[in-house]
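Enquirer: Structure below; questions to follow.
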Amino acid sequence: MILQALYQYYQQMHAVGADIAPPGMEKKAIPFIIELTPEGEVIQVTETMDSENKKKTFLVSRSATRSGKNAFQVAQVMWDHLGYVLGVSKDGTEKEEQVAPMQNESFIKKVDELRELYPENPHIAAVARFYHDGHALRLIEDETIIKDIQKTTGANISFRVRDLEDDRLVASIQDVQSYMNRAAESKDTDNSNTSVCLVTGEKSTIARLHPSVKLAGAQATASLISFQKSSGFDSYGKEQGFNAPISGHAAESIATALNNLLAKDKNTNYRVGDTAFVFWSNLADENLLSSYRTATFNGISSSSEEEEENLDLENPEEEKSKKSRRKKKNIPSTIAPDRESYRVLQTLKAACGYNGGKVHEDNGRFYILGLAPNAARISIKLWAEGSIPEIVGNTLQHQYDMNIISEKGNVDAETPPLRSIYQIVKTVSSSDKSDKWSSNLIQSIVESIVENKPYPQSLQQACLERIRRGNRITELRAAILKAYINRKKQQEYITMSLDPNQTNKAYLAGRLFALFESIQQCALGGNLNRTIRDAYYGTASTTPRTIFGRLDALSKVHLSKLRKEKPGLAVLKEKQLEEIYNLIPGGAPEMPTHFSLDDQSIFAVGYYHQRVEAWRKKEETEDHLEE
């Protein structure tokens, strides 16, 4: 189904005139264009880079793979780097200076080949005259232009002929496209080997090798479909691609479609770690694809979320500034939905038929493909296919599952913050470098989102490990653990904000631990070098019975001190303790010997909920109690 879906995507894009490369062609950055007259004379050399040095892309002939000692013999068709186009070292090094004349000779041979094939084409004729009438030599003498090209990384050059009706680059004119199309379909095919194509169902010439796919981290020759030559596993003596008969036309279409989906400027792909995810729909709805990318992968991060990963919820230096901000805003209210988040969610809801407005009434199909480099091949890490309401609805469910009260006490059940895959994996990983993240973890998380399955236990374990090592429960980590438990139990076992009626011992233990810490800070001041959390979180969240008796006794000491200095605040804290104790059978903090991983997750969320609740009530209670 993967190949058929990619082939259909290419056919659909081509049929509607979408911006997709024809067979044998590709989009390529061309920073420099040699402008010619029809007689081959140089008018000027045009730079296509913008003010930010971003190179403009053009439709050109597909890059030919070249490697080894004879690489100089392989020239691109009507575009290439400085060595091939002008016979000058592309970077000024002695090594390149030696090989540049041979590269240039290969390029001119390719130009002459096209001139013979298309003698009436004025574009090709102008380029041929540029070389054979001495105009190229005069251009080489302009040191200023040559140096400008040499100092530009990836300085590919092509031609454009002025005063002609067709003002495209010579590398993209129709005759060049026809030449590349024939070359692509005949390359690595055996005209004597015809069979029924697995993709189209038509009898056709079969491709022995398949076109390469441009995947970051993969070799230049890597392809989606490949067979090692003489591997010993050839079926019935068939070589390489003949083992899985796919026509040259279908192979070319599939590779072009995948390269188009993987293009950097497209909203149809997202890369995290070493895995690239591509996604598309047979409805070709750009707004839907862009919104899906944002909601599923990219997310919309607020400044507060970015700060959260770097600041401790209980950082005493932040306490004053946060308190002053709350005074300006008074008691926090429900946060106004972010415009972009709201727009994205509305687009996805409409695609699912929410609110009575079913946009995609034909129930179009949606596809997701996960790819990773693997030596000379490309590995398929994920493949999912389903209806648009099904796949998109699963993303919406993921974001609702990840919704939790914010650190500042804001709750928006209808417009949850759109959390990115990148931030989810980053917050549970030991390294900030994405290339060191577990590809299996990334793949499992995406599978859970796409298929609406329970999140992987590896996500829970990684999150708990990060919390234990740093004793920090951020909003995102609490959201991850809440979502994990709720999906596993297939119900809203843990609510978005503090649940005053929850009797789960792990949840109550987390609340108690947060309250013990709050009492300590109120009694001893906020500027403590080491809090209860720093000293005992790991023990309290894993083997609670060994430590909660001591913590309860310690809190009584802190309350005694607080009664003398801030009696009103002491009464408030005692009341909060009593509310929690009343939910525990027997009314005493009798805790289990051990907490399971699920219990540890619930403990962390209970702790987070209680801490956020304390911040919510801080302004309306603490200020007047201190008077």
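Enquirer: What list of ³J(HN,Hα) couplings, whole Hz, do you get for region 86-103 from phi and the Karplus terms 6.51, -1.76, 1.60, once you set θ to phi - 60° and write x for glycine and proline?
Expert: For region 86-103, the Karplus curve yields 10, x, 10, 3, 5, 10, x, 7, 5, 4, 5, 4, 6, 8, 4, x, 5, 4 Hz.
Enquirer: To make sure I understand, if each residue's beta carbon is the centre and we count other beta carbons within 10 Å, what order do Ser204, Ser63, Ser601, Ser178 fall in, fewest to most?
Expert: Fewest-to-most Cβ neighbours within 10 Å comes out as Ser178, Ser63, Ser204, Ser601.
Enquirer: Further question: Over the chain, what is the relative contact order in whole percent, taking alpha-carbon pairs under 8 Å and six or more residues apart?
Expert: Relative CO of the chain lands at 11 percent.
Enquirer: Also: Calculate the dipole size of the chain relative to its Cα centre from +1 charges on Lys and Arg beta carbons and -1 charges on Asp and Glu beta carbons; express the result in debye to the nearest 20.
Expert: 2320 debye
Enquirer: Once you've got the Cα coordinates, tell me which of Lys110/Lys266; Lys264/Lys489; Lys109/Lys147; Lys110/Lys147; Lys266/Lys426; Lys109/Lys214 are over 29 Å apart.
Expert: On the way: Lys110/Lys266 32 Å; Lys264/Lys489 39 Å; Lys109/Lys147 26 Å; Lys110/Lys147 26 Å; Lys266/Lys426 24 Å; Lys109/Lys214 27 Å.
Correct reply: Lys110/Lys266; Lys264/Lys489.
Enquirer: Longer than 24 Å from Cα to Cα, which of Lys27/Lys203; Lys482/Lys556; Lys453/Lys505; Lys27/Lys433; Lys381/Lys436; Lys28/Lys90 are they? Say none if no pair is.
Expert: Checking Cα-Cα distances, Lys27/Lys203; Lys482/Lys556; Lys453/Lys505; Lys27/Lys433 exceed 24 Å.
Enquirer: Ok, one more. If I model a spin label at Gln174 and Leu583 as a point 7 Å from the Cα along the Cα→Cβ vector, what separation in nanometres do I get?
Expert: In this crude spin-label approximation the distance works out to 7.5 nm.
Enquirer: Hey, another quick one. In vacuo Debye scattering of region 31-187, one point per C-alpha: log10 I(q)/I(0) at q = 0.20 Å⁻¹?
Expert: Result of the Debye calculation: -1.43.
Enquirer: Oh, and also: Placing +1 at every Lys and Arg Cβ and -1 at every Asp and Glu Cβ, with all other atoms neutral, what dipole size does region 31-187 have around its Cα centre, in debye to the nearest 20?
Expert: Here the size comes out at about 700 debye.
Enquirer: Take the eigenvalues of the Cα gyration tensor for the chain, scale each by 5, and report the square roots as semi-axes in whole Å, largest first.
Expert: The equivalent ellipsoid of the chain has semi-axes of 62, 28, 22 Å.
Enquirer: In what sequence, highest mean first, do 566-576, 164-174 appear when ranked by Cβ atoms within 10 angstrom?
Expert: Final packing ranking: 164-174, 566-576.
Enquirer: Tilt of helix 316-329 relative to the longest C-alpha principal axis of the chain, in degrees (0 to 90, nearest 10)?
Expert: The two axes meet at around 90 degrees.
Enquirer: Shifting gears a bit: Once label points are set 7 Å from the Cα along Cα→Cβ at both Ala553 and Ser431, what is their separation, rounded to one decimal in nm?
Expert: In this crude spin-label approximation the distance works out to 4.6 nm.
Enquirer: Treat every Asp and Glu Cβ in region 499-624 as -1 and every Lys and Arg Cβ as +1, leave all other atoms uncharged, and give the resulting dipole magnitude about the Cα centre to the nearest 20 debye.
Expert: 400 debye
Enquirer: For a Förster distance of 51 Å, can you work out the FRET efficiency between the beta-carbons of Glu590 and Tyr342, rounded to the nearest 0.05?
Expert: Step by step, r from the Cβ atoms, then E = 0.65.
Enquirer: Separate question: Cut-off is 10 Å between beta-carbons; in what order do Glu96, Glu465 appear when sorted fewest neighbours first?
Expert: Glu465, Glu96
Enquirer: Which angle between 0 and 90 degrees, to the nearest 10, do you get for helix 248-262 versus the longest principal axis of the chain when only C-alpha atoms count?
Expert: Here the helix axis deviates by roughly 40 degrees.
Enquirer: Could you please rank Phe603, Phe516, placing first whichever residue has the fewest other Cβ atoms within 10 Å of its Cβ?
Expert: Phe516, Phe603
Enquirer: Ok, one more. How big is the Rg/Rh ratio for region 499-624, C-alpha atoms only, Rh by Kirkwood, two decimals?
Expert: Taking Rh as the inverse mean 1/r over Cα pairs, Rg/Rh reads 0.94.
Enquirer: Which angle from 0 to 90°, rounded to the nearest 10, does the C-alpha axis of helix 567-581 make with the longest principal axis of the chain?
Expert: Around 70 degrees separate the two axes.
Throughout, read-outs are computed from the coordinates displayed, never taken from laboratory work. No experiment lies behind these values; they were computed from the predicted model shown. As a convention, Cβ positions derive from the backbone with ideal geometry for all residues, glycine included, and neighbour counts pool all protein chains shown.
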